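The values are calculated or read from the model by the stated rules, or taken from the named source; none is laboratory data. Predicted model, so just to flag it, every value in this text is computed and none were measured. Ideal geometry is used to build each Cβ from the backbone, glycine not excepted, and the neighbour counts take in all protein chains shown.
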Amino acid sequence: MKVLDIKKLEKRFDTIQVLEDIELHIERGEFISIVGPSGCGKSTLFKIITGLIREYRGEVRIEGAESRDYTQPISYMPQKDLLLPWRTLYENARIPLEVSKKPKGEHSGRILPLIEEFGLAGFENAYPHELSGGMRQRGALLRTFLIESDLMLLDEPFGALDAITRMEMQEWLLEVWQKHNHSILFITHDIDEALFLSDRVYVMTGRPGRIELEIEVEEERPRRREILLEERCMEYKREILKILRG
Ligand SMILES: Nc1ncnc2c1ncn2[C@@H]1O[C@H](COP(=O)(O)OP(=O)(O)OP(=O)(O)O)[C@@H](O)[C@H]1O
Ligand SMILES: [Mg+2]
């Protein structure tokens, strides 16, 4: 069964058609990216998958169930990191466990190993304003990982980071993905990032948002970043740019 299967999805806000004829799927364990211009409907698509937006036409199936009937939580990192400023890192991480009513005694056993794994050890009691941008984003990702769902939706998780931190985060995300075996749908504006991370890349155009191209990135893993400079990847980039430029 596909983790996510979207067919003929249409979404309008009043008179504006935002998404048109979207067909997209994720097989278990895949890392899939979506690239597309600002305003083409990527975040809207995530809100439909998570059930935040319930009015749409077409089919959106998660683990076989129509999204409106799917009652399990879905790991979702919204476009802004949204750590609560009045809670420490540890207290922020606890939110999903509180929401799913996990016994209090289990909290630290779940959270502390992840804090270690996400390179945040020693900052458990720091407030978001005391963390760097990269640490805040790792904290938000950590919280997303505590939601027990195979499917993870990440909306430009590294958007606010400088190039070097961003590369480190990409490599680290791949390690975490391979270890935890999630199925990831990842939104980015960065073509290199999409090609480096993904098994497949969906390329969208704007107004109304449509999927114009699907690229299968046939590069072995683990990948070296140098592949991005090789001819196969350059050809992918040319194809993607042609579409994004319209
Ligand atoms: N609740 C809403 N009501 C009306 N229009 C909306 C609503 N949410 C989004 N839109 C519109 O839908 C379009 C798509 O927005 P969305 O946030 O999905 O774009 P995006 O692809 O995520 O862009 P970006 O790359 O800038 O994050 C935009 O034109 C936006 O103004
Ligand atoms: Mg968006």
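Overview of results
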item: Tabulated pairs, the range 148-166, first at positive phi, second part of a loop (DSSP other than H, G, I, E, B), C-beta under 8 angstrom, 6+ apart or interchain; result: Glu156/Gln79; Glu156/His189
item: Test for Ser33: is it within 14 Å of ligand 1 (Cβ to nearest atom) and part of a loop (DSSP other than H, G, I, E, B); result: no
item: Residue in the range 81-97 that is part of a loop (DSSP other than H, G, I, E, B), within 16 Å of ligand 2 (Cβ to nearest atom), touching a helix residue (DSSP H, G or I) at 6+ places or on another chain (Cβ under 9 Å) and among the charged types (D, E, K, R) present; result: yes
item: Subset of the range 153-174 [acidic (Asp, Glu), over 12 Å from the mean Cα position of the chain (by Cα) and modelled with pLDDT of 90 or more]; result: Glu171
item: Members of the range 41-75 that are more than 20 Å from Leu141 (Cα to Cα), assigned to a loop (DSSP other than H, G, I, E, B) and within 11 Å of ligand 1 (Cβ to nearest atom); result: Gly41, Ile53, Glu55
item: Filter result (in a helix (DSSP H, G or I) and surrounded by fewer than 19 Cβ atoms within 10 Å (Cβ to Cβ)) within the range 136-165; result: Ala163, Ile164, Thr165
item: Single residue of Glu212, Glu216 found to be out of contact with any helix residue (DSSP H, G or I) (no Cβ under 8 Å at 6 or more places or on another chain), at pLDDT 90 or above and in the same structural domain as Val35 (by TED's automatic domain parsing); result: Glu216
item: Tally of residues being within 15 Å of Val201 (Cα to Cα) and more than 14 Å from ligand 1 (Cβ to nearest atom) across the range 7-23; result: 1
item: Residue match in the range 59-67 (condition: free of Cβ contacts under 8 Å to residues at least 40 places away in the same chain, out of contact with any strand residue (DSSP E or B) (no Cβ under 9 Å at 6 or more places or on another chain) and of a type outside the set (A, V, I, L, M)); result: no
item: Residue satisfying condition, being buried (at least 18 other Cβ atoms within 10 Å of the Cβ), within 16 Å of ligand 2 (Cβ to nearest atom) and under 14 Å from the mean Cα position of the chain (by Cα), within set Ile34, Ile74, Ile26; result: Ile34
item: Tyr90 vs. criteria outside the structural domain of Phe186 (by TED's automatic domain parsing), among the aromatic types (Phe, Trp, Tyr) and closer than 21 Å to Leu161 by Cα; result: no
item: Failed item in (1) touching a residue at least 40 places away in the same chain (Cβ under 8 Å); (2) among the hydroxyl-bearing types (Ser, Thr, Tyr); (3) not assigned by TED's automatic domain parsing to the domain that holds Val201, with Tyr56 passing the rest; result: (3)
item: Some residue of the range 208-216 being assigned to a loop (DSSP other than H, G, I, E, B) and either among the β-branched types (Val, Ile, Thr) or more than 15 Å from the chain's Cα centre (by Cα) (or both); result: yes
